[in-house]
Amino acid sequence: MPGTSSLSSRHSPIFKNYVLVSAVVAVLISQSVKFFLSWYKERRFDLKWFVWSGGMPSSHSAIVTALATAIGLQDGLGSSEFAMALIFACIVMYDATGVRLQAGRQAEVLNRIVYGLPADHPLAESTPLRELLGHTPLQVIVGCLLGILTAFIGKLIVRVQ
């Protein structure tokens, strides 16, 4: 009967979207790796690592390269969609190692200055700035490789089904 389809059948096409699923899985893997690496280093669980930017591997790089790779595999490397996704990925990765990395380094310097202020200074009690905003080139490369690998594995799974 029309209009009585179940909720799952109405929303199932989004879960069959190989490009979208590849990108989401890549970012989930990347954020999970950050979470467990921070737990290993600090010996404490901090759920903020599931949503924070910065750190190893770059989830921004993982999601945009998974997106571009999946589009390339699905629509072809000569498609306009792949070209747009590739340019988008390059901009995001450049920004992660450039502007955002430098902003994090500036936050580190500013925090050191504030920590050195006398206790009676109006800024002495200010909340520290987040220092981990961008990525090192290695973090971006690892995120990029993770995204590409995720898209290729996703394509293999789609072919098998």
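A short reminder: the numbers here are calculations on the coordinates, not readings from a lab. It should be emphasised that the depicted structure is a prediction, and the values quoted were computed from it without experimental measurement. Note that we place each Cβ from the backbone using ideal geometry, even for glycine, and neighbour counts take in every protein chain shown.
Assorted remarks:
- Of the residues Trp39, Trp52, the one with the fewest other Cβ atoms within 10 Å heads the list, and the complete ranking is Trp39, Trp52.
- Excluding same-chain neighbours fewer than eight residues apart, the aspartates and glutamates reachable from Lys41 by a Cα-Cα span under 18 Å are Glu131.
- Likely footprinting exposure, Tyr18, Tyr115, fewest C-beta neighbours within 10 Å first: Tyr115, Tyr18
- Coil-residue GluC sites (Glu not before Pro) of the range 66-128, DSSP, other Cβ within 10 Å capped at 10: Glu125
- For trypsin sites (Lys or Arg not before Pro), the sites in the range 37-119 that DSSP calls loop and that have at most 11 other Cβ atoms within 10 Å are Arg43, Arg44.
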